[in-house]
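Trainee: One structure coming up, written as structure tokens, with questions to follow.
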Amino acid sequence: MAAVYGTQHLPAFLASAAEVGIVANVELRELLALSTRIRDAGKFLMLNVDTCEGLAQDKAAIDYLVALGVPSLVSTRVATLLRASRAGMITMQKVFVTDRTTWPRSLKALEQSEPNLVQLMPAPMLTQLKPADRAVLPPIVASGFVCNADDARAALEGGAVALSTSEQAMWNLPAGTFGKP
């Protein structure tokens, strides 16, 4: 998955082999054109709604995104993810694990929001997950500090089903490069 920060990196994503783009830092006025370009390129948009300037975190915002054809939403907010899920969107909860005290809170939030995916940051945190925690998690997308082939391999071996990186050179690695389709 390509982590695309702002519209200036959109052409690189559209030209890459990456099929999914987690797009952040997009202004409200740019969303329609961005969503259309990504869809027309045959790629899948996952919008990080928390970083969209001019877009509130309420039902009207979710309805607006659905009307634009945005299929998927990324957020740290439980209420936002629940609204998006009820609207038929694919959801991914972004979880930042900074120390041992944030992990139990993250698990509780994931329980409440029931996202389709969890974006776990930073990726090296995967090695710290207990089997019991891993068993209750939705599929994991490893993000943060996925900078090269070794990082990618370690994340996939650690249980991630996908990777998210802003390293554009990694956007062109063919599916299955690290042993997973």
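Trainee: So, for the chain, what is the accessible surface per residue at a probe of 1.4 Å, expressed in square angstrom?
Mentor: 50 Å²
Trainee: Would you be so kind as to identify which of Ser106, Ala60, Ile90 lies farthest towards the positive end of the dipole of segment 30-116, taking Lys and Arg as +1 and Asp and Glu as -1 on Cβ and the Cα centre as origin?
Mentor: Final value for the positive-end residue is Ser106.
Trainee: Work out how far the C-alpha atoms of segment 63-140 reach from end to end along every principal axis, then list the three figures in whole Å, largest first.
Mentor: So the extents along the principal axes, rounded to whole Å, are 40, 20, 19.
Trainee: Would you mind getting the Kirkwood hydrodynamic radius of segment 1-95 from its Cα pairs, rounded to one decimal in Å?
Mentor: It works out to 13.0 Å.
Trainee: Counting only protein heavy atoms, what percent of the accessible surface of segment 1-143 is carbon or sulfur at a 1.4 Å probe?
Mentor: 56 percent
Trainee: If exposed means no more than 16 neighbouring beta carbons inside 10 Å and the site is in a DSSP loop, what's the longest run of the chain without any exposed chymotrypsin sites (Phe, Trp or Tyr not before Pro)?
Mentor: Result, exposed sites excluded: 1-144.
Trainee: Counting other Cβ atoms within 10 Å of each Cβ, which GluC sites (Glu not before Pro) in segment 3-91 have at most 11 and sit in a DSSP loop? Intermediate results must be reported in sequence, preceding the final value.
Mentor: Numbers: sites: Glu19, Glu27, Glu30, Glu53; in loops: Glu19, Glu27, Glu53.
Sparse-neighbourhood loop GluC sites (Glu not before Pro): Glu53.
Trainee: Could you tell me, in Å, what Rg and Dmax come out for the Cα atoms of the chain?
Mentor: 15.7, 44
Trainee: Over all Cα pairs of segment 53-94, how is the pair count split among 5 Å bins, expressed in % and running from 0 up to the last occupied bin?
Mentor: 5, 28, 39, 23, 4
Trainee: Given H placed on each backbone N at 1.01 Å, which residues far from Phe44 in sequence or on other chains put an amide H within less than 5 Å of it?
Mentor: Val20, Gly21
Trainee: Here's a follow-up. Would you mind computing, in nm to one decimal, how far apart the modelled labels at Arg134 and Cys147 are, each placed 7 Å from Cα along Cα→Cβ?
Mentor: 2.5 nm
Trainee: I need two numbers for segment 83-181: Rg to one decimal and Dmax as a whole number, Cα atoms only, in Å.
Mentor: 13.7, 38
Trainee: For an R0 of 41 angstrom, estimate the FRET efficiency from the Cβ-Cβ distance between Thr127 and Asp63 and round to the nearest 0.05.
Mentor: Here the calculated transfer efficiency is 0.55.
Trainee: Follow-up question, since we're still on this one. Out of Phe44, Leu31, Leu173, whose Cα points farthest toward the positive end of the dipole of segment 27-181 (charges: +1 Lys, Arg; -1 Asp, Glu; placed on Cβ)?
Mentor: Value: Phe44.
Trainee: Between Thr177 and Glu53, what FRET efficiency comes out of the Förster formula 1/(1 + (r/R0)^6) with R0 = 45 Å and r the beta carbon distance, rounded to 0.05?
Mentor: In this case the efficiency is close to 0.80.
The values are calculated or read from the model by the stated rules, or taken from the named source; none is laboratory data. Computed from a predicted model, the values in this text were never measured in an experiment. Because the Cβ atoms are built from the backbone with ideal geometry, glycine has one as well, and the counts that use them run over all protein chains shown. The accessibility values were calculated without ligands, DNA or RNA, using every heavy atom of the protein model including side chains. Shrake-Rupley method; radii C 1.70, N 1.55, O 1.52, S 1.80 Å.
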